[in-house]
Amino acid sequence: MRLKSTLLAASLAALATAATADPVKVGMITTLSGGGAGLGIDVRDGFMLAVKQSGNTDIEVVIEDDQQKPDIAVQLADKMIQSEKVDVLTGIIWSNLAMAVIPSATAQGKFYLSPNAGPSQLAGKGCHPLYFNVAWQNDNLHEAAGAYANTAGFTNTFILAPNYPAGQDALTGYKREYAGEIADEIYTDLGQTDYAAEIAHIRASGADSVFFFLPGGMGISFLKQYADSGIDIPVVGPAFSFDQGILQAVGDAALGVKNTSQWSKDLDVPANKAFVESFQAEYDRLPSLYASQGFDTALLLLSAMEKANVKDTAAFQAALEEADFDSTRGTFSFGPNHHPIQDIYVREVIKEGDVYTNKIVDTALLAHGDAYAAECEM
């Protein structure tokens, strides 16, 4: 009887450790060069900080630069899946690259955890059991900006965004919540840096406010040129155009501007306070929205690794769906389409000493999901 008990205990112990018996290989494809490099660097650094803090030696991360080019991203994904034999893919910033990579990766049985891009196509009819978005669905922060514009009393907004999937989702999202009139609607070129024509159009439009989504270097160029134009119409945008890296380049022109975000460095959550402190200690800079998303993406992956073996697809999917980790955002869960349900805040650009940053001034939307979940059949 004692021998049988010993054997049973040994078997149970073996089963308990089986979930993490196989190392997990992660392929991170992100933007590390060019005008969008700051976004990818922050996602990478946040992700790698969480891996380092976990002390988990059963995870290997292979990192490549997509150069913000869809064809390069596809080549890298093919190499990682076929040659590197990765189990999980992550890292993509831009929605056009996400659309080029994610459907093929999931069709080949690979998990994809998005730390940023959340195109509507992948939230609705194009959803997939192996695709999880840890950031937001593209429309979400723009929906929050529309809700804020209502409370601010704006009734005639001029809206603009780049002509690519995330830009289209941005204006759709803003209009979904905004109750006023649209003075005009413009799609700019992706990567555009000269906004003289658009600013002249804004000046002549009769608008009482401007909503824009221009991430990375595009946002820096627009905000500087807008400030130099002398137009005093208030602007509103999502966090992507008022993020930590962008603000330092824009300077005083951004002070006082309201923007919407599911995260902020001053969010009063214990996990967030620890993250901000440790990120600063590790990298000697304040974390950005993108860094927090990279950090949370790694935490999600690590939490699933504690519960299931990545080779057991169904079990690992179920473990990811539990979202059993302490998010930098506090309360966090997945909707039925594997996109977040979370609060979205209004932030104001301020200056702390010599550093431009954001502080939370209001909540725009509570426990907010996305408009496409009902179209998802999994």
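Bear in mind these aren't lab numbers, they're just calculated from the coordinates by the rules spelled out. Just so we're clear, the structure is a prediction, and the values are computed from it rather than from any experiment. Glycine gets a Cβ as well: all are built from the backbone with ideal geometry, and neighbour counts include every protein chain shown.
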What percent do you get for the relative contact order of the stretch 174-330 when only Cα pairs under 8 Å and 6+ apart count? 17 percent
Go through 112-121, 349-358 and give me the packing order, highest mean Cβ count within 10 Å leading. 112-121, 349-358
Of all DSSP beta bridges in the chain, antiparallel share, percent nearest 5: 35 percent
Pick from Ser221, Ser303, Ser54: which residue has the top mean-square fluctuation in a GNM of the chain where Cα pairs under 10 Å get a spring? Ser54
In the neighbourhood of Gly118 defined by beta carbon distances under 12 Å, the net charge of the other residues (Lys, Arg +1; Asp, Glu -1) is -3
Environment charge at Gly330 (Cβ cut-off 9 Å; Lys +1, Arg +1, Asp -1, Glu -1): -2
What number comes out for the charge environment of Leu32, summing +1 per Lys or Arg and -1 per Asp or Glu over other residues with Cβ under 14 Å away? -3
Mean-square fluctuation check for the chain, GNM, Cα pairs under 10 Å: which of Glu277, Glu143, Glu64 is largest? Glu277
Once the in-chain neighbours fewer than 8 apart are removed, the lysines whose Cα is under 20 Å from Lys125 read Lys110
